[in-house]
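In what follows, a single structure is set out as structure tokens and then discussed.
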Amino acid sequence: MHIAVCIKQVPDTKNVRIDPDTHTLVRQGVESIVNPFDLFAVEAALRLKDAKGAKITVITMGPPQAGEALRDVMSRGVDEAVLLSDRAFAGSDTWATSTTLAAAIRKMGDVDLILCGKQAIDGDTAQVGPEMATLLDIPYATFVKAIDILDTNHLKVARQTDEGAEVWKIPTPCLLTVIKEVGEPRLPSLRHKMRAKKAQIPTWGIADLGLEPESVGLSGSFTQVVRVFSPPVRDDRVILEGSVSEQVEQLYKLLKEAKVPGI
Amino acid sequence: MDYFLTEEQKMIQELAYQIAKEKIRPVKGELDEGEEFPWEIMKVLAQSDLFGLYIPEEFGGMGGGIFENCLAIEQLARECIGIATSFAASGLGAYPILLHGSTELKQEYLPQIASGERLAAFGLTESGAGSDVSGIQTTAVKDGNHYVLNGTKQWITNGGESEIYSVLAITDRTKGPRGATFFVLEKGDPGFSFGKKEKKLGIRASATRELVFQDCRIHKDRIIGREGTGFIAAMKTFDKSRPGIAALGVGLSQGALDISAEYARKRVQFGKPIISFQAIQHKLADMATKTEASRALVYSTARYMDTEPSDSSKVAAMCKLFAGDVAMQVSTEAVQILGGYGYMQDYPVEKMMRDAKILQIYEGTNEIQRNIIGQEVNKEYGRKKDTFF
Ligand SMILES: Cc1cc2nc3c(=O)[nH]c(=O)nc-3n(C[C@H](O)[C@H](O)[C@H](O)COP(=O)(O)OP(=O)(O)OC[C@H]3O[C@@H](n4cnc5c(N)ncnc54)[C@H](O)[C@@H]3O)c2cc1C
């Protein structure tokens, strides 16, 4: 089985501030990390590999520095990596990103399973996975918490929804976006770290992917970010205190006063 | 300070510190409080390849030496030397096999220890034999192709948790210093059981137990080296392992310094951060200087020892002595800098101070280290032709 994991390098949001004047992210001095949800996708791939054997290739679209994110996950046991990097990709929205990633999957040819995190912590759209599956015309499942291999061309996956868990039988090739329940991401090992450090990571640009300039980057994007702003701070909040039962009492009273239906 | 580490050595440091920060920091307090063996962390360390740093590649290790092992131990020790001791003690248990074992013994046990699949331990101390190793009473009597062990080892780190034990027993009392032999014992060998787990002042996440042998019969293939080489093997093992104990001290000192310096910059009294008081600054200056000095000594000793020199006992003892004493001093000062907060369990330095004390006791007390260094100095100067008088 060949598993492709799509990851994104993101600013470490634990340390991110928004500039109050320009409303943009203050990126200075902010470390880049692998999108935490993508580490669950990597872990899910590694667990399938541990159990049944697989080749895992990780791909990311980003500037050359994003190669660091690829080496990070290689140091956890991923076999190979591909960096999709080209000036033409700059300014991509989720559609242009999906177009580029899907082209890379097509070029790889033999991918049986694509794994993504449920969303990226910087954009929070959760769109790239499903869009990619649509472009590749393969089935997909989102918010997956468990994956089992049923037979050579079917997986059994459990999805977490607001209503409860759903268990699906899904044919391969397919795409899954995963949530943290798939398992805690492992740390690197020294052997893999040494291998990752030395690895030659191929970079594929627009020509390698056979894409037209109009379909990628800013020109291939349906959406553009016009303005970013911090929502105004709300000061009408009440913080309840006391024991749990006291808080419940107070909450009930407040909800009643607010005439919430059903209370 | 830049110690001109290789790419690979930097990776070891980075990886070990990542484990310390992400995995050890969140659980160390709980494990200490509950006196709970850190199995989860041992699994992470196993998966990270760090258990095999000093073991040759042909036996499943990473092919490094004492220095690489010290680098990893130091980083783990910045967070918790209870956990780091459990890690390091497996190395102590492995060394007799690595140094003196037959190829078969090495092939059998070293790959399991290198992968972290099984932990090792070292059984020497007995109730009547602490500093004076020659006082051991545990016997191994030959019976055809077997040996029968009887006796009790006490305070064995990883006792009950490890599956592989290097145990020293008397094989022929009449032969004195040539009368003891190391054997490999396995958890589950008939006649081999464990005493209760000790309650301790510090390193409470590490397990310390008795090993009890009652007519424990093992095949003679379990001998490490030749019969009668046990005391020499013990001394050689300590030479190899003492820099690792010193590295525990370096890491602990660094951890205590890091917390104290940050605290002193933030804690305001008399309208100023306490770091602006000279008394506090001088404490921090001494702590930083001693920590760096012990690191420099440990690194140079470990590097030197990896060249297999003949005079390793003295330098191994020096770094264990120095880094252990420094860790005790630095962690005590850390508590002082944090004042009442330092004394409280909600802050991490009281544990460091409790933990540091063991570094002056196990693997030979610091008095014994001074004895070794003193004897070596005496011998060295006895050989000198140059004279001042
Ligand atoms: C937590 C812990 C873990 C341990 N783990 C292990 C282990 O894994 N394996 C193992 O085999 N052992 C282990 N030990 C045992 C440890 O190595 C001994 O405790 C140590 O060697 C000291 O022996 P003792 O406690 O009997 O002290 P003693 O030898 O009785 O010493 C008492 C005091 O007298 C001093 N003293 C003794 N002789 C001299 C001398 N000739 N000159 C000057 N001063 C002297 C000592 O320095 C000490 O201050 C462990 C001990 C502890 C506490």
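The values are calculated or read from the model by the stated rules, or taken from the named source; none is laboratory data. These numbers come from a predicted model, not from an experiment. We place every Cβ from the backbone using ideal geometry, glycine too, and count neighbours over all the protein chains shown.
Restricting to the stretch B:103-131, and then to whatever is without any contact (Cβ under 8 Å) to a residue 40 or more places away in the chain and more than 10 Å from the ligand (Cβ to nearest atom), can you tell me which residue is nearest to the other protein chains (Cβ to nearest Cβ)? Once the filter is applied, the top-ranked residue is B:GLU108. Being at pLDDT below 95 and more than 16 Å from the ligand (Cβ to nearest atom) is a property that B:PHE389 has.
Checking each residue of the stretch B:66-75 against the condition of being assigned to a helix (DSSP H, G or I), at pLDDT 95 or above, within 14 Å of chain A (Cβ to nearest Cβ) and more than 19 Å from the chain's Cα centre (by Cα) gives no match.
All told, B:GLU308 falls short of being in contact (Cβ under 8 Å) with a residue 60 or more places away in the chain and either under 21 Å from the mean Cα position of the chain (by Cα) or more than 16 Å from the ligand (Cβ to nearest atom) (or both).
Residues in the stretch A:180-203 that are in contact (Cβ under 8 Å) with a residue 12 or more places away in the chain, away from chain B (no Cβ under 14 Å) and surrounded by fewer than 19 Cβ atoms within 10 Å (Cβ to Cβ): A:LYS180, A:GLU181, A:ILE201, A:PRO202, A:THR203. Of all residues in the stretch B:186-223, those satisfying the criterion of being out of contact with any strand residue (DSSP E or B) (no Cβ under 8 Å at 6 or more places or on another chain) and within 16 Å of the ligand (Cβ to nearest atom) are B:LYS199, B:LEU201, B:GLY202, B:ILE203, B:ARG204, B:ALA205.
Looking at (1) out of contact with any strand residue (DSSP E or B) (no Cβ under 9 Å at 6 or more places or on another chain); (2) under 18 Å from B:TRP39 (Cα atoms), which is the one condition that is false for B:CYS70? If we test B:CYS70 against (1) out of contact with any strand residue (DSSP E or B) (no Cβ under 9 Å at 6 or more places or on another chain); (2) under 18 Å from B:TRP39 (Cα atoms), just (2) comes out false.
Scanning the stretch B:264-323 for residues that are among the aromatic types (Phe, Trp, Tyr) and buried (at least 20 other Cβ atoms within 10 Å of the Cβ) yields a count of 2. Report the residue count in the stretch B:364-384 for those that are surrounded by 13 or more Cβ atoms within 10 Å (Cβ to Cβ), more than 6 Å from the ligand (Cβ to nearest atom) and touching a residue at least 12 places away in the same chain (Cβ under 8 Å). Qualifying residue count for the region: 6.
Residue under question is B:SER134, and the condition is that it be closer than 25 Å to B:LEU99 by Cβ, assigned to a helix (DSSP H, G or I), within 16 Å of the ligand (Cβ to nearest atom) and not aromatic (Phe, Trp, Tyr); does it hold? Explain how you work it out, then say what you get.
Details: closer than 25 Å to B:LEU99 by Cβ: yes; assigned to a helix (DSSP H, G or I): yes; within 16 Å of the ligand (Cβ to nearest atom): yes; not aromatic (Phe, Trp, Tyr): yes.
When the stated conditions are applied, B:SER134 passes them.
Just give me the residues in the stretch B:152-164 being within 10 Å of the ligand (Cβ to nearest atom) and either part of a strand (DSSP E or B) or not polar (S, T, N, Q) (or both), in sequence order. B:LYS153, B:GLN154, B:TRP155, B:ILE156, B:THR157, B:GLY159 - these are the residues of the stretch B:152-164 that are within 10 Å of the ligand (Cβ to nearest atom) and either part of a strand (DSSP E or B) or not polar (S, T, N, Q) (or both). Scanning the stretch B:190-247 for residues that are surrounded by fewer than 16 Cβ atoms within 10 Å (Cβ to Cβ) and of a type in the set (Asp, Glu) turns up B:ASP215, B:ASP221.
When every residue of the stretch A:121-136 is checked against the conditions, at least one turns out to be polar (S, T, N, Q), in a helix (DSSP H, G or I) and more than 14 Å from every other protein chain (Cβ to nearest Cβ). Within the stretch B:49-65, which residues are in a helix (DSSP H, G or I) and either among the hydroxyl-bearing types (Ser, Thr, Tyr) or away from chain A (no Cβ under 14 Å) (or both)? Of everything in the stretch B:49-65, those that are in a helix (DSSP H, G or I) and either among the hydroxyl-bearing types (Ser, Thr, Tyr) or away from chain A (no Cβ under 14 Å) (or both) turn out to be B:GLU58, B:PHE59. Note on the stretch B:16-48: residues that are crowded, with 24+ Cβ neighbours inside 10 Å and either among the polar types (S, T, N, Q) or at the interface with chain A (Cβ under 10 Å from one of its Cβ atoms) (or both) amount to 4.
Determine, yes or no, whether B:THR307 is among the polar types (S, T, N, Q), modelled with pLDDT of 95 or more and part of a helix (DSSP H, G or I). Spelling it out, it is not the case that B:THR307 is among the polar types (S, T, N, Q), modelled with pLDDT of 95 or more and part of a helix (DSSP H, G or I).
Here is a yes/no grid of residues against (1) under 22 Å from A:ASP151 (Cα atoms); (2) acidic (Asp, Glu):
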residue: A:PHE40; (1), (2): no, no
residue: A:ASP50; (1), (2): yes, yes
residue: A:LYS55; (1), (2): yes, no
residue: A:GLY67; (1), (2): no, no
residue: A:LEU70; (1), (2): no, no
residue: A:SER75; (1), (2): no, no
residue: A:LEU83; (1), (2): no, no
residue: A:ALA88; (1), (2): no, no
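Among the residues of the stretch B:1-13, just one is part of a helix (DSSP H, G or I), more than 8 Å from chain A (Cβ to nearest Cβ) and not polar (S, T, N, Q), namely B:LYS10.
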